[in-house]
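The values are calculated or read from the model by the stated rules, or taken from the named source; none is laboratory data. Keep in mind that what you see is a predicted model, and the values were worked out from it rather than measured. The accessibility values were calculated without ligands, DNA or RNA, using every heavy atom of the protein model including side chains. Shrake-Rupley method; radii C 1.70, N 1.55, O 1.52, S 1.80 Å.
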Amino acid sequence: MDFTEPMELKITPDKLLDLLMHAATREDIASTRNELKSDITAVKTELKEEIAAVKTELKEEIATVKTELKEEIAAVRTELKEEITTVRTELKEEIATVKTELKEEITAVKTELKADILAVNNNLTNRICSVEHVTTGLAVKIEKLRSETIKFIVWTGAGIVAAMFGMFAKGFHWF
């Protein structure tokens, strides 16, 4: 074989990859490994810093939201207290108005009832007086009738006794 002649070499992409892989030395692999480790460490550090920054931002946002909510709650409380006070005042005024109206109505009803009771009382008094008058008249009539009855009985008895004396005196022959 003669080495002076030009030689032609054909390499496929698979063979090229194999050649390159064999060409890499242990040092290249070690340096690549070290580079990867340093890159991973750098990425970890960056991520930790970003996570810490996000935590800080979230804590600040949570604190801000808490403060805002506390302020809103305080404002709502104040509004509700004012509304409660307003409603309480309105209700007290309404109750006072209703009390006044009821007292006036009660007074009016009392006045009407007193007048009605007085009228009924007068009517009953008049009727009682008439009944007493009638009773007195009846008592007088009963007394007159009693005395008339007694007179009738006495005179009738006296007439019967006189008639009987007359019969005894004449005898019983006329029977």
Check on GLU132, part of a helix (DSSP H, G or I) and at pLDDT 90 or above: no
Restricted to region 7-31, and to residues that are modelled with pLDDT of 75 or more and not in a helix (DSSP H, G or I), which residue is most open to solvent (accessible area, probe 1.4 Å)? LYS10
Only listed residue being more than 28 Å from the chain's Cα centre (by Cα), open to solvent by 90 Å² or more (accessible area, probe 1.4 Å) and of a type in the set (A, V, I, L, M, F, W, C), chosen from LEU113, LEU91: LEU113
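Residues of region 135-175 being among the hydrophobic types (A, V, I, L, M, F, W, C) and either under 60 Å from the mean Cα position of the chain (by Cα) or at pLDDT below 80 (or both), which ones?
Keep residues of region 135-175 that are among the hydrophobic types (A, V, I, L, M, F, W, C), which gives 138-140, 142, 145, 150, 152-155, 158, 160-165, 167-169, 172, 174-175.
Within region 135-175, ALA163, MET164, PHE165, MET167, PHE168, ALA169, PHE172, TRP174, PHE175 qualify.
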